[in-house]
Amino acid sequence: MNIRSLAKGLRYRGEAEGKRQTYYVFEGSGLYFVISFKKDDPSAGNFNVVESDAAHYLARKFSGEKGVTAQVMFDLSHKTRHFASHLDLLKALYVLVATKRARVDNRFKSRALYFNIK
């Protein structure tokens with residue numbers, strides 16, 4: 001992956017709150033750049049790239065679903081080329097939350113995050 005093409009023209013799209021981190025989402029050409037910082041150590045963080053097609057796939061396939069986890073969605077879409085693991089799918093869910101196409105469902109108080117897809 002070419003870092004120059006990755007960073008060119010990035011636009012801030014929003015943020016999503018996870019259990020341990022806040023995820024800041026930027027949109028580029030055909031991809032989303034997701035940056036996260038640890039809540040207990042803001043000098044440490046991580047970044048991931050999510051293909052736009054992967055986020056669009058989730059939004060289409062699970063449109064209208066309520067109270068679903070990344071693991072359940074992965075189990076229902078594991079044959080797609082977009083996600084190698086449920087963690088890859090979770091990153092795409094954070095993109096959907098940041099772009100207002102999904103939201104975290106706070107009715108559930110378990111370890112897993114639950115999502116409502118618009």
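This table checks each residue for (1) on the phi > 0 side of the Ramachandran plot; (2) open to solvent by 80 Å² or more (accessible area, probe 1.4 Å); (3) among the polar types (S, T, N, Q); (4) part of a strand (DSSP E or B).
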residue	(1), (2), (3), (4)
Asn46	no, yes, yes, yes
Ala54	no, no, no, no
Ala59	no, no, no, no
Ser63	no, no, yes, no
Lys109	no, yes, no, no
In segment 65-102, anything part of a loop (DSSP other than H, G, I, E, B) and among the aromatic types (Phe, Trp, Tyr) is listed as Phe83
Here the residues within segment 94-107 that are charged (D, E, K, R) and open to solvent by 30 Å² or more (accessible area, probe 1.4 Å) are Lys100, Arg101, Arg103, Arg107
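Could you please find all residues in segment 13-33 being closer than 12 Å to Leu93 by Cα and either out of contact with any strand residue (DSSP E or B) (no Cβ under 9 Å at 6 or more places or on another chain) or not in a strand (DSSP E or B) (or both)?
Gly18
The values are calculated or read from the model by the stated rules, or taken from the named source; none is laboratory data. Values in this document were obtained by computation on a predicted structure and should not be read as measured data. In this analysis, Cβ positions are derived from the backbone assuming ideal geometry, glycine residues included, and neighbour counts consider all displayed protein chains. Only protein heavy atoms, including side chains, enter the accessible area calculation; ligands, DNA and RNA are left aside. Shrake-Rupley method; radii C 1.70, N 1.55, O 1.52, S 1.80 Å.
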